[in-house]
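The values are calculated or read from the model by the stated rules, or taken from the named source; none is laboratory data. Because the structure is predicted, anything quoted here is derived from the model rather than measured. All Cβ positions, even for glycine, are placed from backbone atoms using ideal geometry, and neighbour counts span all protein chains on display.
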Amino acid sequence: MSFSMAGGGPSGPQINVTPLIDVLLTLIIVFMVVVSMDQEYQEKVQMPQPDKKPAAEGKQLRTIVIQVVWTTKDQPPMVKINQEDVRWEDLEMRLAQIYLKRAEKVAFVRGDADVDFQYVADVIDLAHHAGVQRVGLLTQDRQVAGEESR
């Protein structure tokens, strides 16, 4: 409150700071409550620990590459799954066994340059029958292929 005395002349505008102090005190109380709630309700997170099995036991290659390798003109090409030789008759069963427990059912097929595409198409068909959902084709870069043949 401001009082003016008689004969003092006109007084200038006065700022009432009481509402500003009320807002300031309210904000201080709100911040104190929020900080105390944050400290009170913190929970400890338990992160899952990796298995302590040796890497050799649980080692499972994530990427499966099926290679169609040309041998001779008289025989059909050989088939390999990640460098492991597989017979054509056993290919579908072996792929079904590999993808039985996998969530991601993706395979890649790589064929030699001399192999007819029909053999690659047969591998893709067998992979789909074995439960593979997506099949990608791998190719060689022309520079890399040229350097390998030298």
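Only one of Ala56, Ala103, Ala107, Ala121 is out of contact with any helix residue (DSSP H, G or I) (no Cβ under 6 Å at 6 or more places or on another chain) and at pLDDT 85 or above. Can you tell me which?
Of Ala56, Ala103, Ala107, Ala121, the one residue that is out of contact with any helix residue (DSSP H, G or I) (no Cβ under 6 Å at 6 or more places or on another chain) and at pLDDT 85 or above is Ala121.
Give the residues of the range 101-130 that are within 21 Å of the chain's Cα centre (by Cα), among the hydrophobic types (A, V, I, L, M, F, W, C) and surrounded by fewer than 18 Cβ atoms within 10 Å (Cβ to Cβ), sorted by residue number.
Within the range 101-130, Ala103, Val106, Phe108 meet the criteria.
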